[in-house]
1. Would you work out the Kirkwood radius for the range 158-311? I mean one over the mean of 1/r across all pairs of different Cα atoms, in Å.
2. Would you be so kind as to identify which of Phe106, Ile76, Phe91 lies farthest towards the positive end of the dipole of the range 76-142, taking Lys and Arg as +1 and Asp and Glu as -1 on Cβ and the Cα centre as origin?
3. Taking neighbour counts of Cβ atoms within 10 Å as a proxy for exposure, in what order, fewest first, do Ser355, Ser206 appear?
4. Treating the beta-carbon of each Lys and Arg as +1 and of each Asp and Glu as -1, no other charges, what is the dipole magnitude of the chain about its Cα centre, to the nearest 20 debye?
5. Which value, to two decimals, describes the C-alpha radius of gyration of the range 93-142 once divided by 2.2 N^0.38 Å?
6. Tell me, what is the Rg over Rh of the range 235-299, with Rh the Kirkwood radius over Cα pairs?
7. More than 25 Å apart: what percent of Cα pairs in the range 247-375 qualify?
8. Hey, which aspartates and glutamates would be in cross-link range of Lys211, C-alpha to C-alpha under 13 Å, not counting anything within fewer than 8 residues on its own chain?
Amino acid sequence: MLVKDLSSYLKEDREKRFAIDNILYPAEYDIYLEEHCDYYLAEAPRPKTKYCPKCFKKYFEKDLYCKDCLCSLKHISEMKRPREIRTNPTFTFKGKRDFESFDEIFTEENFIRIDDFSFSMRDFKKITRIIKRTALENMEEIVKANEIDLESLNVQEKVLLFAKSFVDVDFKSYGPELGHFEFNKITVDDRQTPSLHMTTLIHELSHFLLKEILTGIICRILDCSKNTYIESIALYMLIYSPFTELIDEYAAHTVEGRFTLYGYQDYSSFLNIEQSLDGEMGRDEIEITKSIGNTFSIAIKDILESFIDDDLRLDIKDQFLRDTRDRPNYEMLRLENCEKLTDNGFLKAIWLILSEGFIASSMNVEKLIEYEEKI
């Protein structure tokens, strides 16, 4: 038999022809499809190019409206992605007083209130509950306002979307930092792998949440409403001394580690602060800051796990496995602190942060004014 004789045994690869014609000749393809509808729909249905902005059901190009919601359809290409969305989420704490200057805050009466520290774990849980509820409401509003189909998002987009339910997120493509939180904005480097992008977001979001928790505590103790003056004080309290810097950084690393694959934990920024102390704090004091940070991290993780459920956590881990070329390194796990404070101990730690931080803030009003103008 000659090679040319094999032509008698040929038959059309209809699946391949269908796919190629759909790309090269879309108009002719639609006409042909109408003429051969029964056969081709059975073997390879037409792509759905439209969606309902209410229920997100997918439709064919020729369809005009959703039969369930009775509303006009939109093209899938019009659907916004989380990166394109700008948000300005707000969190509110209410009190009887509304301070309009730092002079109104740093009064003898308020120093007494801070020192007396009329605050309980029940108050603390109310604050974290307010933050959690507000973020859920923010996310619901963002999804509705931007007609987002959650099921169509990849894991990286889902993490970005929930981060934007808490705080504004921006992107950069320069500098050595993977990301940073400053003045109610998270900035992340978009050159990272998806897995590092997500854990960077979670790390920086933890800094925001600790600041927000501290803001709520100050509002509760001073019986005042949240504003930029109170936020400036909370921000300053977390960065003015190695004690609070280490607490803040350790809490963020611990939260990040909760959503990171074992063997890829990173405590580098905590170690950088520790190495810069030059004997300012002893080993026992540093370990206490880790215990305080670990205790704060439990509350922060509880807030985040309202969004990042078990399924999403598994998706994040799978993304790590796809992105990672290096073997896991378990050395960083030696930095994990497995101690947390009792409720009474935790309240004493919060009192220490506030009492020392309030005094330091009152002595650095110029820096607070600088912060307040940027918030």
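Rule-based calculations on the coordinates, nothing more; no lab input. Predicted model, so just to flag it, every value in this text is computed and none were measured. When we count neighbours, we look across all protein chains shown, and the Cβ atoms used for this are built from the backbone with ideal geometry, even at glycine.
1. 16.2
2. Going by the Cα projections, it comes out as Ile76.
3. On the way: Ser355 14, Ser206 27.
Lowest to highest Cβ neighbour count: Ser355, Ser206.
4. Roughly 1160 debye, rounded to the nearest 20.
5. 1.54
6. Values: Rg = 11.7 Å, Rh = 12.1 Å.
Ratio of gyration radius to Kirkwood radius for the range 235-299: 0.97.
7. 40
8. Glu182, Glu231, Glu245, Asp248, Glu249
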